[in-house]
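**Student:** My questions will all concern the structure given below.
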Amino acid sequence: MKTVTRFAPSPNGNLHLGHAFSAIYAHDLAREHGGEFLLRIEDIDGPRSRREFADNFRRDLEWLGLEWLEVPNQSTRLDSYTQYTQKLMDLDLLYPCDCTRREIQSLPPRMTETGIEYPGSSRGRAHKVKGDFALRLDVDKAMAAAGECVWTDEQAGSILADPREFGDVVIVRKDLPASYHLAVTVDDAHDGVTDVTRGADLFGATHIHRLLQAVLELPVPHWHHHALILDGKGEKLSKSRNSPPLNDRREAGEDGLGLAAKLRAGQFSLGT
Ligand code: GLU
């Protein structure tokens with residue numbers, strides 16, 4: 001089977017060195033196996049997504065010497081999220097939740113890698129509620145329906161999927177027809193991604209994606225969660241805080257191929 005990898009940035013800010021590392025990782029993995037490297041712009045979050053960031057992404061990748069095949073942006077795939085949501089509804093695995101962030105935060109908190117765990121206050125609700133609501137996955141029910149699911153990570157090996165620590169995650173947002181979890185799972189399947197490569201900060205989310213693949217009967221890829229590039233204080237880079245954007249470096253005339261070579265040679269400090 002041909003190796004297919006992807007880089008899937010969200011155009012809500014400029015890319016930084018960590019993204020460059022991630023894109024190079026995915027690109028090189030595909031190239032090593034004579035496969036395909038895809039670029040998918042994850043612009044589902046309309047109000048926060050801006051075309052000029054996506055344009056910068058393409059210029060940055062080119063500057064780094066990468067070649068890719070671009071697949072349709074997430075914003076063009078909304079119908080497919082609705083179809084898969086319907087499938088989850090038919091399986092009776094979703095329930096509406098109109099809790100506000102503030103209400104959830106006022107309950108005894110439990111932080112997880114992907115945010116505050118939802119305590120399940122709306123679980124078991126009938127499908128008709130008034131006003132705006134999100135749809136959450138009844139994780140216990142989904143796990144019972146799926147049976148035992150295993151996923152494999154290049155470094156960590158074989159792992160039993162257990163997303164319970166994240167609580168009943170949002171599948172359809174109040175304001176959008178999908179959450180990150182649903183969109184990325186459906187898109188990776190549709191794009192034929194065989195190897196999902198991304199930062200170690202998304203390791204935990206893979207438990208959720210593996211469960212969704214099982215209940216939605218989608219193909220199961222292999223995962224590679226790579227270490228994150230850290231700043232001088234040992235903190236991971238972020239679009240909003242501590243990281244000079246790649247396009248500033250590019251526009252300042254830095255050598256992109258040289259930077260890519262340094263990233264490949266491991267000349268930046270990496271977390272575990
Ligand atoms: N759009 C996500 C991000 O920019 C990609 C996450 C993933 O690779 O699954 O963080």
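Rule-based calculations on the coordinates, nothing more; no lab input. All values reported here derive from a predicted model rather than from experimental measurement. Quick reminder, even Gly has a Cβ in these numbers, built from the backbone with ideal geometry, and neighbours come from all protein chains shown.
**Student:** Counting other beta carbons within 10 Å of each Cβ, put D28, D138, D188 in order, fewest first. Present the calculation step by step, with values, prior to reporting the outcome.
**Tutor:** Numbers: D28 16, D138 19, D188 23.
If I rank by nearby Cβ atoms, fewest first, I get D28, D138, D188.
**Student:** OK, next. For A265 and I159, FRET efficiency with R0 = 35 Å and r from the beta-carbon atoms, rounded to 0.05? List each step's numbers first, then the result.
**Tutor:** Values: r = 30 Å, r/R0 = 0.85.
After rounding to 0.05, the efficiency reads 0.70.
**Student:** Along its three principal axes, how long is segment 125-225 when you only count alpha carbons? Whole Å, largest extent first please.
**Tutor:** Projected onto its principal axes, the Cα set of segment 125-225 covers 46, 26, 24 Å.
**Student:** Can I ask one more? What is the Cα coordinate range of segment 1-100 on the first, second and third principal axes, sorted by size from largest, in whole angstrom?
**Tutor:** The Cα atoms of segment 1-100 stretch 46, 35, 21 Å along the principal axes, largest first.
**Student:** Would you mind telling me which residue in L29, L69, L211 has the biggest mean-square fluctuation in a Gaussian network model of the chain, where springs connect alpha carbons within a distance under 10 angstrom?
**Tutor:** In the Gaussian network model the winner is L69.
**Student:** Using only C-alpha atoms and all pairs of different ones, pull out the Kirkwood radius for segment 175-229 in Å with one decimal. Walk me through the numbers before you get to the answer.
**Tutor:** On the way: mean 1/r = 0.0856 Å⁻¹.
Radius from the Kirkwood sum: 11.7 Å.
**Student:** Kindly count the pairs of lysines across the chain whose alpha carbons are less than 26 Å apart, treating pairs on different chains or eight or more residues apart as eligible.
**Tutor:** 13
**Student:** Compute the orientation-averaged projected area for the chain from the convex hull of its Cα atoms and round it to one decimal in nm².
**Tutor:** On the way: hull surface 59.6 nm².
With every direction weighted equally, the projected area is 14.9 nm².
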